[in-house]
1. Within segment 19-47, count every residue that is open to solvent by 60 Å² or more (accessible area, probe 1.4 Å) and assigned to a strand (DSSP E or B).
2. Within the bounds of segment 48-63, is there any residue that is open to solvent by less than 60 Å² (accessible area, probe 1.4 Å), of a type in the set (S, T, N, Q) and at pLDDT 90 or above?
3. Considering every residue within segment 96-111, establish whether at least one is open to solvent by 20 Å² or more (accessible area, probe 1.4 Å), modelled with pLDDT under 95 and among the small types (G, A, S).
4. Does at least one position in segment 85-92 carry a residue that is assigned to a loop (DSSP other than H, G, I, E, B), open to solvent by less than 50 Å² (accessible area, probe 1.4 Å) and at pLDDT 90 or above?
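The values are calculated or read from the model by the stated rules, or taken from the named source; none is laboratory data. Note that the coordinates shown come from a computational prediction; the quantities given were computed from them, not determined experimentally. Each accessible area value is taken on the protein alone, full model and side chains, heavy atoms only, with ligands, DNA and RNA left out. Shrake-Rupley method; radii C 1.70, N 1.55, O 1.52, S 1.80 Å.
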Amino acid sequence: AGKKQKKKARGAIYNGKTIKTKAPGFLRGDTTMYSASYVFQKGLGVLILTLLKHGRSLKKGSKTITMKRGSKYAYVNGKKKKLPTPARRVYSYKQKKNYIYVPGEFCAKHLGYSLFMEQ
């Protein structure tokens, strides 16, 4: 939102192993936000597609989630679902790079993963 904020970093655990990332997760309200590229693509092998008018899609097998930054809704296999918080671009001052963050539990659940959030 154009503001510099410090948030407590939150990791993600899958199959008992912490997913390594240079862009750690953080809590936004009641939702843990995770880097789409680090946690979902590199950590879990989810394909990320960039769609010109429709934002980004996360795809694993026959399951697809499509969302736009800032939108309160996503499409899961074509069905409209309300997000707990919108996807957003986050700038990391440490990495000097922008990352797209998505609501972790929502994406993990709808892609068929049991992802645990570190406290």
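1. Within segment 19-47, residues that are open to solvent by 60 Å² or more (accessible area, probe 1.4 Å) and assigned to a strand (DSSP E or B) number 3.
2. Looking for residues that are open to solvent by less than 60 Å² (accessible area, probe 1.4 Å), of a type in the set (S, T, N, Q) and at pLDDT 90 or above, one finds at least one in segment 48-63, hence yes.
3. Checking segment 96-111: not a single residue is open to solvent by 20 Å² or more (accessible area, probe 1.4 Å), modelled with pLDDT under 95 and among the small types (G, A, S).
4. Yes.
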